[in-house]
Each structure stands twice: as structure tokens, then as C-alpha cells.
Amino acid sequence: MDRYLYRGVNHLLYEESRGRLIPKAFGHPFKANNYFGGDTYFRDGSVFGPSKRNAVIKHQRDSSKHPTSGVSTTPIYENARKYATHNGKYTEGYVFTIDVQLLDQHGVNIYHVAEHATKPTIPNDKEVILVADDFGILPKEIIIKVEKL
């Protein structure tokens, strides 16, 4: 497993969150039902009823449509840079560096998308979803660096 994970955010999100990593579904348990919505259901490893596996699958598929208490990261620094600027849409962004070795002691769970989704939406990201034990803001203690681009 990689030692570091990265999270890229644009300057607007960074300012709105005051430099914190806040999930879209703050405070909600990291579980979801599977989804049979027209052409958006795939044989993706989801299971019936609420589960963490379904939350991972739906989150990585589209966290705007399926918000969870997870925060997406990648072990690939260059990918995080692209997310921070939205491929050049923004001139400013930030990349958070997270130390994986600090997650357990600060109550953060780690979900590797490739271990849950049979067809990850963006396989080259090697996406990893982080979830705080209290389903809230990721602790600042796991962040070892914030770089302004």
C-alpha cells in the first residue's frame, strides 16, 4: 500500500471548507442501498440492502449524485493536481498530502475502490475513500502537507 494519499480541491472549495476535508454527506453512516435506476445499474458487485460496499460503489460512480460521508483520495499526486485545478479550469487549487500510517490512530477508515467495485469508474485514479469514525470532517492530524498550486 502507498504511504501517502492526495486530495486535490479547487480554491473555491478550499475557502468554503476553510481548508478542511469535509464529506458531502456529513454525519451520515457510510452505507448505501444498491441502485437499479435505468441504465445506471451495472453488475458491479453491489449487494441488496444498505452496505459499505454499496457506499463505495455509488460514491466512486458519482459522489455528487450519491453523496456519502467519504472523501475521495488518490495515491497518484499528478491526478490530485488535475482535480485541484479541474484540468486547468481554475488557476488556483490545493493538494492535501495524507499519511496513511496516521489513519488508524485518528479514527479514519480506508476503502480501496478496486476492492469493492468490479468496474471502477476511473481505474487509473486508484481511488481510495476515507471515512472518519464519526462520519464527519477528516481529522487535520492525518494531513501532513497542504500545497497551494
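The values are calculated or read from the model by the stated rules, or taken from the named source; none is laboratory data. Since the structure is predicted, the reported quantities are computational estimates derived from the model, not experimental observations. Every residue, glycine among them, receives a Cβ derived from its backbone with ideal geometry; neighbour counts consider all protein chains shown.
Give just the number: which of (1) part of a strand (DSSP E or B); (2) under 19 Å from N10 (Cα atoms) does R81 not satisfy?
(1)
Which of the residues spanning the stretch 11-53 are within 23 Å of A114 (Cα to Cα), loosely packed, with under 14 Cβ neighbours inside 10 Å and at pLDDT 85 or above?
P29
Return a yes/no flag: does the stretch 137-145 have any residue that is under 20 Å from N33 (Cβ atoms) and surrounded by fewer than 18 Cβ atoms within 10 Å (Cβ to Cβ).
no
Look through the stretch 105-149, keep the residues that are within 21 Å of R53 (Cβ to Cβ), of a type in the set (S, T, N, Q) and not in a strand (DSSP E or B), and return whichever of them is modelled with the lowest pLDDT.
The selected residue is T118.
Quick one: count up the residues across the stretch 100-125 that are under 19 Å from Y83 (Cα atoms) and either of a type in the set (D, E) or without any contact (Cβ under 8 Å) to a residue 60 or more places away in the chain (or both).
So the count comes out to 5.
Condition (residue is closer than 11 Å to R7 by Cβ and touching a Leu at 6+ places or on another chain (Cβ under 9 Å)) applied to the stretch 103-125: is it met by at least one residue?
No: the stretch 103-125 contains no residue that is closer than 11 Å to R7 by Cβ and touching a Leu at 6+ places or on another chain (Cβ under 9 Å).
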